[in-house]
Structures are given as structure tokens and as C-alpha cells.
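K.L.:
Shown below is the structure under consideration.
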Amino acid sequence: MAEPHRTPDEEAPAAQELPLVAHLLELRDRLVKVILSVLVVFLGLFWFRNELYTMLAEPLLAHLPAGSSMIATEVASTFIAPVKLALWLSIFIAIPVILYHLWAFVAPGLYKNERRMVLPLVVSSTLLFFAGAAFAYFLVFPLIFKFFTLTAPEGVAVMTDITKYLDFVLNLFFAFGLAFETPVLVVLLVWAGIVTPQALAEKRRYIIVLAFIIAMLLTPPDVTSQFLLAIPLCLLFEVGLLVSRLYVRPQQAEEEVEDFSSPEGGSSIAQRSFTTPQGTEPVGAGNSNPTDTKD
């Protein structure tokens, strides 16, 4: 696997090496800060847990038949389900803080070109995950819940358990959130030198098939939700391919030019090779005049 190109001034991380104990202490401090940030958000949301659950259940409640409602089949589920929702929502809201501490922990050990790439990727991956969750809530949920309620057999009352519903929608949130990370994955693969944009473009038909397979595995067993995930996957793949062509490769080419022109790069104009009828010879080595031939 090809390594990302590094210029001579990027041959070592910016920060000095620290003892293992110092790294562990810093990791502990940052984990404590992350947990405290999630806890603070959770305490703020705890008092609105029931309202939040009602908001989450709105796409299903809007399509339930008249006289139907959600039910609780376990004694404590009326309390546990809203609390679980508040906890997961606290983690989602605290994702910027979590990613910041993750970035602050690993940044001193990264090279300059890696730091230039990581920060935009962290920000874009966060926004894309939230965009995937919003796409699921506002577009996918109304369609699939309408489909499920309309296809219920005659004589079957549609009354979903609140715990089962929460698990179902959380799985869809994660599925669509991760699916919307496709551009980030494509950019990372190209930047790391694992694949090239040209190779990905040539395998587009296989990637489309793979997108539908992933959608089939991550979504409920209905065609509507599978298409609603597979089509954004294909479009996001094209976005990642475009970004990798416009951003990653020009940046690496610029770094190669800097490496070529630097004294430490081991290359200079005087050391370039040229082709002669007798073969390839470096300028300044052997014959000084490349046009000289034997009589």
C-alpha cells in the first residue's frame, strides 16, 4: 500500500515524543472531559425526555390508523425508552466536542500534510453524519412507516412497542449516518494511495451493485427504504470521487513539486536525466555535451 507523500520538512511529527505515561494521562484527561460534556448535555435533555420521544415518534404516529397508538409491553419501558433516547441524543449533540478532543490528542503526532487533511475530514464527516440522520428522519421515516401501516393485513391492529420502535429508528439513524460518510471514505482511500480516482471510476458499475447490497443489509426488508439508501450512496460516491480529483491529487502533486525543488529531495535540474541515442545519461555526468558522438 502506498504511503501518503511527505515532503522533507514533514519527515517527523511536529511534537516531541512523550513518555507512554504522559500519553495515557492525557488520554485519561480527555476521556473525562468527553464524559463530562455528554453528561452535561444529558442532564439538560433528561427533563424533556418524554417530549423528545414524542417528537421522534411523530413520523410513525402520523400514519397510524385511527384509534391506534404506541404501546409499552414492559413495566419499565415507559421510563427506560425516553431515557435511552436522551442519552443517545446527548452523544450526538456532543460529537463536535468528542471529535475535538480526539483531534487534539492525535494532532501532535501527525505530519503537517496529515494535519491539513484530518481537520477538514473531521468537520465534513460530522456534518455528513448529521445530514444522514436528518435525511432519515424527514424523508425516509414518513415513507417507510406509511408503507408499513398500509401493508398491514386486515384485522391486524398496528400498535408498535416504544422500545422496539426506538431500536428500529436508532439503527436507521446509524445506517444513513454512516452511508453519508461515503465521500470521506473515498477521499481517504485516494489520499492514502490505496486506489486512484481513475480506478474507482472504472469500477463504478460494481460500486453501484455494492451500494444496493449494503442498502439491503442495513435497511428494513422493503424496496422503498433500500432505494432511499442506495441512491444517496451512489450520489455520494460521485461526490467523493469529484473531491478526490479536485483536492487530493492536486495537493499531492504540489507536494511532489516542493520535494523535487528542495535541496534535501535529492533532485535538482542539474541531476535530471535525458535521452540520447546511446541511452539515458544524467546531465553533468560523463560526457558534458550530449550531442557528441564517436567518429
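The values are calculated or read from the model by the stated rules, or taken from the named source; none is laboratory data. Because the structure is predicted, anything quoted here is derived from the model rather than measured. No Cβ is skipped: glycine too gets one built from the backbone with ideal geometry, and neighbour counts run over all protein chains shown.
K.L.:
Looking at region 93-115, is at least one residue surrounded by fewer than 14 Cβ atoms within 10 Å (Cβ to Cβ), closer than 30 Å to Ile231 by Cβ and modelled with pLDDT of 90 or more?
P.N.:
Looking through region 93-115, none of the residues is surrounded by fewer than 14 Cβ atoms within 10 Å (Cβ to Cβ), closer than 30 Å to Ile231 by Cβ and modelled with pLDDT of 90 or more.
K.L.:
Restricting attention to region 142-176, which residues are modelled with pLDDT under 90 and touching a helix residue (DSSP H, G or I) at 6+ places or on another chain (Cβ under 6 Å)?
P.N.:
Once the filter is applied, which keeps residues that are modelled with pLDDT under 90 and touching a helix residue (DSSP H, G or I) at 6+ places or on another chain (Cβ under 6 Å), region 142-176 yields Pro142, Leu143, Ile144, Phe145, Phe147, Val158, Leu172, Ala175, Phe176.
K.L.:
From the list Met55, Met70, which residue is within 18 Å of Leu170 (Cα to Cα) and touching a strand residue (DSSP E or B) at 6+ places or on another chain (Cβ under 8 Å)?
P.N.:
Met70
K.L.:
List pairs: first residue in region 117-132 and of a type in the set (Phe, Trp, Tyr), second residue not in a helix (DSSP H, G or I) anywhere in the structure, Cβ distance under 7 angstrom, at least six positions apart or on different chains.
P.N.:
Here the result reads Phe129/Phe180; Phe129/Glu181, each pair linking region 117-132 to a residue that is not in a helix (DSSP H, G or I).
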